[in-house]
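What follows is a single structure, written as structure tokens, with notes after it.
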Amino acid sequence: MSAPPAASERPPAPAKPPRRPGDVVFSGLSTASAFSILLILAGVAIFLISKALPVFGADPAEVTGGEGFLSYVWPLVFGTLVASLIAMLVATPVAVGIALFVSHYAPKRLGTAVGFVIDLLAAVPSVVFGMWGFQVFAPKLVPLFGWLEEHLGFLPFFESASRTGRTLLTASLVLAVMILPIVTSVSREVFLQTPRLHEEAALALGATQWEMIRTAVLPFGRPGVIGGTMLGLGRALGETMAVAIILSPGVFTWNLIDTGNTTVPAEIALNFPEAAGLRLSELIAAGLVLFGITLAVNLAARAVVERRAEFSGAN
Amino acid sequence: MSVETEPTARQRKLSEIEGVDLDTVRASSNRQSYIVLGLAVVVGALLWLLGLHPALAVVLAFVAYLVIVYAVYRSTAGSRVAVDQVARGLVLGAFVLALVPLVSLLWTVIVRGGATVVSPAFLGQTMNGVTGLQDQATQRDGAELIGGAYHAIIGTLIITGLAALISVPIGVFTAIFLVEYQPKGRVSHLIRFLVDVMTGIPSIVAGLFAFALWAVLFGIGTKNGFAGAVALSVLMISTVVRNSEEMLRIVPNELREASLALGVPKWRTIAKVVLPTAASGLASGITLAIARVIGETAPLLVAVGYARGLNVNPAEGPMNTLAVYAYYMFTKPLSPGYREPSLDRAWAAALLLVLIVVVLNLSARFIARAFAPKTGR
């Protein structure tokens, strides 16, 4: 039996005779670790704000775009929100379908295997998704965009089609693939927790499998699905590399199938390596805004998921 | 408490539930669904032969399948069974739909990167001194590929290793605090809340934090491996805490009580009883956390920068990592006119990353299963 590495690293014990020194060290270490999380988060906020401050005091004409920080950042925020919302709308029904497949349709062995494959999808680095989206997925979407332009061109979203496929819609669809795993795994978890008795009661009353799912599983799992969806939204909001690679960025436009638009994280990743001076503060301030948005979304998601945990009879 | 036994009352209640239709269900054979499936495949093949885009043909065939299933089951078994079968088709369809991008992605990565990833140049050389001219020679004249990702592989190992060194002790001890010292109460509630907040930090924001911290400590624009490790730790700690907490929580209380009852101090109980019992789970959780951050690009792009050559000193100057390497090779090829060698390197790096992640995930599963404490009675 080997002692875990963490335990062997403890510094010499302070002298406190009444208590066992080992206990003091151990509880001290774990308390310190717990509070270091508070420190780190405070650090994230403080250092970002301190580096972002110059942009708020700067002459609006010096900020990129020439009209101050707000008018610089809102198109970015808007692009981020649009891309993430599309991703969420596309991913949620598919994710619920997969979760139901794993929890109620597939045989148990197949379900476990599918769970593993979905986890794998979650682990693929985002830069790989970006490369795939750029080289494989985007060209495949070009005919679809052409069709949309031809038949739905009267809508502002589909006015003119890109020839490369490197558009906000492409990026959104790749984001949808990327957030599938998190939405799926949260939904799967709650579906599996549906009280057995509810399901059996529904079946005993003569419900078909789908009726059982509609009357027992889905109502029980709804808060979990909503929470998972919002966690996915939080992921999509902060996703950087896939968008940075796929999207050919530009100014804000309603048109989803042509080049243009960009998102906050992509803007930062594309411009940060060459940035200096005020531009740095600008990008850090944009990062701060992104942090605020994802924080709000994630907290709302947690609140929804936790409310379910309190009221469900499963625990 | 009275139990309602009147049949009409019960029936009314059941019918009030949305989605429950009280039509009778008639017997039907399962063979129908196979026939319908065959029909749909034929429809799809026909559409494809008529010159439709294959993807469109598949989608239309799927719609045709749903329509025919509905019609057939409605006529033989009633509308409720028909709806049930359509729902089954949709659920299966969602599953297959999700497999398409995954298979396509893995296929692309393997096909594009497979040849380069095993070449000694890719694994053994850095990009030092490699310019567009060499790439031009490789693509145009068929010269051997020069320049690889050796420095990026080493950089990935160093930075991820440092990140693990920072986050594993903090994460595991925080989990110990949450499970062993303060399982309830306001403090642990706050810490759990903060861990949740941390889980939601976008990776690029973690990179900006490391950059800003280093700017304050060492002067603006300082980029080195330690900054990257700090950025990754911000992303990693929350995962380690959550996984470890879960694992410590499932250690049976009887073990702790038995140890404490024998007069063993609390810290020895934790170090000698709780942690070894949970060891496999902890190791698997940590492995998963490493797998999560090893492919991160954005924070390293911001905090570490980009190096062409080997740099093994994380305290000094930019380093390279596989993900950033892939990104740069993909978006900024050495020679704009002769992109192929750079793209090959990018895909090889991507394949290597995917392989690492898969191996880490598999070994996490293996560790969890093989070294799990025996639960037999």
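The values are calculated or read from the model by the stated rules, or taken from the named source; none is laboratory data. Model, not experiment: these values are computed from the prediction. A quick note on method: Cβ atoms are made from the backbone with ideal geometry, for glycine too, and the neighbour counts reach across all protein chains shown.
Cβ-Cβ distances below 8 Å connect the following pairs, each with a first residue in segment B:105-123 that is of a type outside the set (Asp, Glu), a second residue that is exposed (fewer than 12 other Cβ atoms within 10 Å of the Cβ), and a separation of six or more residues or different chains: B:Ala121/B:Glu144. Any residue in segment A:123-132 that is away from chain B (no Cβ under 11 Å) and buried (at least 18 other Cβ atoms within 10 Å of the Cβ)? Scanning segment A:123-132, I find no residue that is away from chain B (no Cβ under 11 Å) and buried (at least 18 other Cβ atoms within 10 Å of the Cβ), so the answer is no. Comparison of B:Gly295, B:Gly337, B:Gly281 shows that the only residue that is more than 9 Å from chain A (Cβ to nearest Cβ), in contact (Cβ under 8 Å) with a residue 12 or more places away in the chain and closer than 21 Å to B:Ser167 by Cβ is B:Gly281.
Listed by position, the helices (runs of 4 or more DSSP H) contained in segment B:196-269 that have at least 1 residues being surrounded by 24 or more Cβ atoms within 10 Å (Cβ to Cβ) are B:203-218, B:225-249. Go through the residues of segment B:319-328 one by one and say whether even a single one is free of Cβ contacts under 8 Å to residues at least 24 places away in the same chain, in a helix (DSSP H, G or I), buried (at least 20 other Cβ atoms within 10 Å of the Cβ) and over 22 Å from the mean Cα position of the chain (by Cα). Yes; the residues of segment B:319-328 include at least one that is free of Cβ contacts under 8 Å to residues at least 24 places away in the same chain, in a helix (DSSP H, G or I), buried (at least 20 other Cβ atoms within 10 Å of the Cβ) and over 22 Å from the mean Cα position of the chain (by Cα). The residue list A:Ala276, A:Ala269 contains one member that is within 24 Å of the chain's Cα centre (by Cα) and hydrophobic (A, V, I, L, M, F, W, C), which is A:Ala269. Of all the numbered requirements in (1) over 26 Å from B:Val251 (Cα atoms); (2) without any contact (Cβ under 8 Å) to a residue 60 or more places away in the chain; (3) more than 7 Å from chain A (Cβ to nearest Cβ), B:Leu213 misses one, and that requirement is (3). When B:Val172 is tested against the conditions (1) facing another protein chain (nearest Cβ under 10 Å); (2) part of a helix (DSSP H, G or I); (3) under 27 Å from A:Leu270 (Cα atoms), the lone failure is (3).
Among the residues of segment A:191-208, those that are assigned to a loop (DSSP other than H, G, I, E, B), buried (at least 17 other Cβ atoms within 10 Å of the Cβ) and within 13 Å of chain B (Cβ to nearest Cβ) comprise A:Ala207, A:Thr208. Is it fair to say B:Val96 is within 10 Å of another protein chain (Cβ to nearest Cβ) and either touching a Cys at 6+ places or on another chain (Cβ under 9 Å) or farther than 25 Å from B:Ala350 by Cα (or both)? So B:Val96 does not fit the description; no. Scanning segment A:133-160 for residues that are of a type in the set (A, V, I, L, M, F, W, C), within 11 Å of chain B (Cβ to nearest Cβ) and over 25 Å from the mean Cα position of the chain (by Cα) gives A:Leu144, A:Trp147.
If the condition is being under 15 Å from A:Gly65 (Cα atoms), out of contact with any Lys or Arg (no Cβ under 8 Å at 6 or more places or on another chain) and without any contact (Cβ under 8 Å) to a residue 60 or more places away in the chain, then segment A:250-274 contributes only A:Gly250. Of all the numbered requirements in (1) modelled with pLDDT of 85 or more; (2) surrounded by 15 or more Cβ atoms within 10 Å (Cβ to Cβ); (3) in the same structural domain as A:Gln209 (by TED's automatic domain parsing); (4) not small (Gly, Ala, Ser), A:Lys51 misses one, and that requirement is (3).
Restricted to segment B:21-117, the set of helices (runs of 4 or more DSSP H) holding at least 1 residues that are closer than 30 Å to B:Asp344 by Cβ and among the hydrophobic types (A, V, I, L, M, F, W, C) comprises B:54-77, B:79-117. With respect to A:Thr253, is the statement that it is at pLDDT 80 or above and of a type outside the set (D, E, K, R) true? For A:Thr253, the condition - at pLDDT 80 or above and of a type outside the set (D, E, K, R) - is not met. Picking from residues in segment B:49-75 that are of a type in the set (Val, Ile, Thr) and more than 14 Å from every other protein chain (Cβ to nearest Cβ), the one that is nearest to the chain's Cα centre (by Cα) is B:Val63. Tallying residues that are over 30 Å from B:Arg26 (Cβ atoms) and of a type outside the set (Val, Ile, Thr) within segment A:190-219 yields 3.
A:Thr167 meets the conditions (1) under 21 Å from B:Ala98 (Cα atoms); (2) of a type in the set (S, T, N, Q); (3) touching a residue at least 12 places away in the same chain (Cβ under 8 Å) in every case but one. The failed one is (1). Would you mind stating whether A:Ile118 is of a type in the set (A, V, I, L, M, F, W, C) and at pLDDT 90 or above? Spelling it out, it is not the case that A:Ile118 is of a type in the set (A, V, I, L, M, F, W, C) and at pLDDT 90 or above. From the list A:Glu150, A:Glu211, the lone residue that is surrounded by fewer than 19 Cβ atoms within 10 Å (Cβ to Cβ) and either over 30 Å from B:Val205 (Cβ atoms) or not assigned by TED's automatic domain parsing to the domain that holds A:Trp254 (or both) is A:Glu150.
Among the residues of segment A:30-62, those that are closer than 14 Å to A:Val289 by Cα and among the aliphatic types (A, V, I, L, M) comprise A:Val44, A:Ala45, A:Ile46, A:Leu48, A:Ile49, A:Ala52, A:Leu53, A:Val55. Is at least one residue of segment B:84-101 among the polar types (S, T, N, Q), surrounded by 15 or more Cβ atoms within 10 Å (Cβ to Cβ) and within 34 Å of the chain's Cα centre (by Cα)? Yes, segment B:84-101 has at least one match. Restricting the search to helices (runs of 4 or more DSSP H) fully inside segment A:218-315 and requiring at least 2 residues that are of a type in the set (A, V, I, L, M, F, W, C) and more than 12 Å from chain B (Cβ to nearest Cβ) gives A:218-238, A:278-311.
Of the residues B:Thr131, B:Thr126, B:Thr160, B:Thr138, the single one that is surrounded by fewer than 17 Cβ atoms within 10 Å (Cβ to Cβ), more than 11 Å from every other protein chain (Cβ to nearest Cβ) and among the hydroxyl-bearing types (Ser, Thr, Tyr) is B:Thr131. Residues considered: B:Gly200, B:Gly219, B:Gly228. Of these, the only one that is closer than 30 Å to B:Ala307 by Cα, within 11 Å of another protein chain (Cβ to nearest Cβ) and small (Gly, Ala, Ser) is B:Gly200.
Evaluate the following for B:Phe177: is it of a type in the set (Phe, Trp, Tyr), under 26 Å from the mean Cα position of the chain (by Cα) and part of a helix (DSSP H, G or I)? Against the criterion (of a type in the set (Phe, Trp, Tyr), under 26 Å from the mean Cα position of the chain (by Cα) and part of a helix (DSSP H, G or I)), B:Phe177 does not qualify. Against the criterion of being on the phi > 0 side of the Ramachandran plot and more than 23 Å from the chain's Cα centre (by Cα), B:Gly219 qualifies. Number of residues in segment A:164-190 that are farther than 11 Å from A:Ile86 by Cα and in a helix (DSSP H, G or I): the value is 14.
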